[in-house]
Amino acid sequence: MLSHIPQKLLENPDIALSGDIIGNCVHCGICLSHCPTYTVIHNENDSPRGRIFLIRDMYEKGGAPDAKTVEHLDRCLTCLACEAICPSGVEYSKLIGHAREYVEANYTRSHWQRAVRSTLEMLLPRPELFRLSLYAGKLGRPFRSLFSGTIRAMLDMVPKNPLPAKGNINKPGLYATKETRKKRVALLTGCVQNTLDPAINDATVRLLNRHGVDVVVARGAGCCGAPAEHMGDEDKALPYVKANIDAWLREADSPEGLDAIVINASGCGTSVKAYGHALRNDPAWATKAARVSALAKDITEFMTTIGLNKPAIETGQRVVYHSACSMQHGQRITVQPKALLEEAGFEVLDVPEGYLCCGSAGTYNLLQPEIANELKARKLKNLKSVHAQIAASGNIGCITQLADEAGIPFVHTAELLDWATGGPLPPAMTERAH
């Protein structure tokens, strides 16, 4: 695809890279069949190919983009199914990321949009504040039918049941193995996950400890920066990114060192693995960011390298594995989670149309609830069609989006691996048993 971006804009390295990426697109249209928003809306401008044309035109015109362009770019889930299937190797993730940064720098959103985005950027990275907001949301949940759009979506996402107590992995420190030590890793405990489902981190640490791995939660590490990043607000994302880099490299450069940074929320994992790209043009941070990205491993990636202990119990349940977009398309991890579950004794089933997003996509289900709900309904229908006993995923966003209506316990992959190798029954399965 030819582009004529003004030379002045090409002095920005992100826009220059975007120009090269646009040039790689041959507008073949293969991506359309895998794009969730095109599947729902059937509008060329809501497809990857259409958005690439819009991004090219936005840069060629310069200045503030028009409202229609912003609307279509906002509707992108950043699921990256298009990137995974593109025969020309178009790096759509970088293209849409830089386009959103350009939009936020040059477009004036409505007061309402700015207020919603600022609220999400403030609440999601701060677990204590996020927890308080959920308590407030519980008061408003009975009245959610009076609202629509984002407010209704926020109230719908407030958990019906009481919030779980804080988990055991809720502060910096070393969680040492009682076995012969094989490895030492840092764990990203997350912000939303550690509030909504702290049992995931507890299970992850038990699983790692049982396999001879010391786990450290680094002082100073926190949100991965994804909430602000998804909304194109690089200035708000970078402080989180840099704080994590410093925290993890202090551990990596200590006498004990680090073998990996283990992440059990695939959306966070995709973001951390992109730190090297985000800071590639910053001389003070480029090398450090690249080191951290190289150390980042999803929990199933890491467990595959060290090997799974023989199952301690007979499992055998039929597990339908929902692969988050950030896992299968963003990180290209497709085999390891299912192979580990099979090794743990489960019968693993695939979700029909598994390449399509469930509609969660970070903050997408709050900012674009109509499209997100259509995708959610489609995913739930496909999940139920295989008649599994348990559903599993590696991303808290997908679990939160689907669990209430799945009709079966919906748990994290690490919880099942922990249970199979000697840990307790996952809480969601305990509740269903009761």
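The values are calculated or read from the model by the stated rules, or taken from the named source; none is laboratory data. Every value quoted in this text rests on a predicted model; they were computed, and no experiment measured them. Cβ atoms come from the backbone with ideal geometry, glycine included; neighbour counts cover every protein chain shown.
Structure values in brief
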quantity	calculated
Which listed residue is at positive phi and in contact with a helix residue (DSSP H, G or I) (Cβ under 9 Å, 6 or more places away or on another chain), from 332, 291	332
Whichever residue in region 67-100 is without any contact (Cβ under 8 Å) to a residue 60 or more places away in the chain and within 18 Å of the chain's Cα centre (by Cα) and, among such residues, is surrounded by the most Cβ atoms within 10 Å (Cβ to Cβ)	82
Filter result for residue 130 (modelled with pLDDT under 95, over 21 Å from the mean Cα position of the chain (by Cα), in a helix (DSSP H, G or I) and more than 20 Å from residue 232 (Cβ to Cβ))	no
Yes/no for residue 371 being in contact with a Lys or Arg (Cβ under 8 Å, 6 or more places away or on another chain), under 24 Å from residue 228 (Cβ atoms), among the β-branched types (Val, Ile, Thr) and assigned to a helix (DSSP H, G or I)	yes
Meets criteria (crowded, with 17+ Cβ neighbours inside 10 Å, modelled with pLDDT of 95 or more, of a type in the set (D, E, K, R) and under 20 Å from residue 355 (Cα atoms)) for residue 56	no
Residue within region 163-177 that is assigned to a helix (DSSP H, G or I) and surrounded by 12 or more Cβ atoms within 10 Å (Cβ to Cβ) present	no
Residue 119 among the β-branched types (Val, Ile, Thr), modelled with pLDDT of 90 or more, out of contact with any helix residue (DSSP H, G or I) (no Cβ under 6 Å at 6 or more places or on another chain) and not in a helix (DSSP H, G or I)	no
Single residue of 289, 296, 260 found to be crowded, with 20+ Cβ neighbours inside 10 Å, aliphatic (A, V, I, L, M), more than 25 Å from residue 100 (Cβ to Cβ) and not assigned by TED's automatic domain parsing to the domain that holds residue 419	260
Residue 38 crowded, with 19+ Cβ neighbours inside 10 Å, closer than 17 Å to residue 6 by Cβ, aromatic (Phe, Trp, Tyr) and without any contact (Cβ under 8 Å) to a residue 60 or more places away in the chain	no
